[in-house]
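The values are calculated or read from the model by the stated rules, or taken from the named source; none is laboratory data. What you see is a predicted model; the values in this text were computed from it and never measured. Cβ: placed from backbone, ideal geometry, glycine included. Neighbour counts: every protein chain shown. The area values use the complete protein model at the heavy-atom level, side chains included, leaving out ligands, DNA and RNA. Shrake-Rupley method; radii C 1.70, N 1.55, O 1.52, S 1.80 Å.
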Amino acid sequence: MTTNLTAPISKQLLFGLLTITIGVELILYLSGYSQLAGTIYDAIMVSSFFIGLKLHQRLSNGIQKTKVQLIRQFIGAFLVFILGSTIINIYSSNAFQNFSDDYEQYVEAYTEVVSDDKELVEPSEPIEPVEKMWEVIDEIDSVGYDIFTDILAGLEEVWRLAYIILILFVFKKAFPRHWEKGQRDIFVLIALFVTSVLFGIDHTLNSVQSWQYEIGAIVTFANMGLLFGLILLWTRNLWVTVLVHSVYDILATLSWYYFEFIVEMAALILIPIYLVLMAIEKNQQMKKSIEIVASEEIVN
């Protein structure tokens, strides 16, 4: 895998990697002071999709999977992330009480406007159709923007893979002997750790909370980033990881506004689907094995 990730790259691709890594770090920091920087950040994240098309080929090593295998891989990775994130959240709520309490207050304050709008749906006096329409539009505008942000958040996995590639390039040049001896898994783990810490720090940039909150947030999101990174390397599929990230964030947003346990309900629905897909895949493998044996017998 490391051989493909550190294969020679063009100057254009190198510029793209530096833009969605170092460039994004700078823009993300400035976004706390400038609305234009925030817009540029969104634009870079959207454009990172096209860089991801090239990086995915390096990660996947040309391995082709069927639609059933891809769906099963996504569901498996999604269930693993839900389980892992639940453990991380339980740990953080106990180890970093200030972060847990402040985060809950943040969610309540953030969704307060939409909640207030919902209370207007059943007033003592009838609402005019036009007013009701504008209320619906306001809610769509608020929740829709958050979901759009969640979709872009999935492309942070392109950012992660780009960082891993750049870090591996540095190790390859700085430690050529160790690289040639095959000690590359250590470099991958270091790259994964570095990107996870950066992921945690990036989620606290421009924060004005207490240092207790900052530490709790960095540790929590760094663990989340580590989990995403492990899924990325396990599946060797960039787009599956992007989808897991986006879908989880979307469900988390919907849990803020509407149904608190929507993530858990999604997991319960996906488990039997995963088992069915496993059964289908095993059945297909058995049929192929029977066909191979039958063809060999004919030849003999």
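What the table below lists for this structure:
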read-out: Selection from the range 166-200 of residues that are touching a helix residue (DSSP H, G or I) at 6+ places or on another chain (Cβ under 6 Å) and either of a type in the set (Phe, Trp, Tyr) or farther than 20 Å from Ile231 by Cα (or both); value: Phe171, Lys172, Trp179, Phe187, Phe199
read-out: Selection status of Ala252, among the small types (Gly, Ala, Ser), in contact with a helix residue (DSSP H, G or I) (Cβ under 7 Å, 6 or more places away or on another chain) and over 24 Å from Leu161 (Cβ atoms); value: no
read-out: Residue list for the range 14-53, filter: farther than 16 Å from Leu155 by Cβ, in contact with a helix residue (DSSP H, G or I) (Cβ under 6 Å, 6 or more places away or on another chain) and either modelled with pLDDT of 95 or more or open to solvent by 40 Å² or more (accessible area, probe 1.4 Å) (or both); value: Leu30
read-out: Unique residue being in a helix (DSSP H, G or I), closer than 17 Å to Phe81 by Cβ and of a type in the set (S, T, N, Q) when the list is Thr241, Thr149; value: Thr241
read-out: Close pairs from the range 58-69: first under 23 Å from Phe169 (Cα atoms), partner not polar (S, T, N, Q) and not in a loop (DSSP other than H, G, I, E, B), Cβ under 8 Å, at least 6 apart; value: Arg58/Leu5; Arg58/Ile165; Leu59/Leu5; Leu59/Leu161; Leu59/Leu232; Leu59/Leu238; Ser60/Leu238
read-out: Any pair with Cβ under 9 angstrom, 6 or more apart, that starts in the range 219-242 at a residue that is open to solvent by 50 Å² or more (accessible area, probe 1.4 Å) and ends at one that is in a loop (DSSP other than H, G, I, E, B); value: Arg236/Met1; Arg236/Asn61; Arg236/Ile63
read-out: Some residue of the range 274-290 being within 23 Å of Glu157 (Cα to Cα), in contact with a helix residue (DSSP H, G or I) (Cβ under 9 Å, 6 or more places away or on another chain) and in a helix (DSSP H, G or I); value: no
read-out: Single match in Asp146, Asp185, Asp138 (criterion: of a type in the set (Asp, Glu) and open to solvent by less than 20 Å² (accessible area, probe 1.4 Å)); value: Asp146
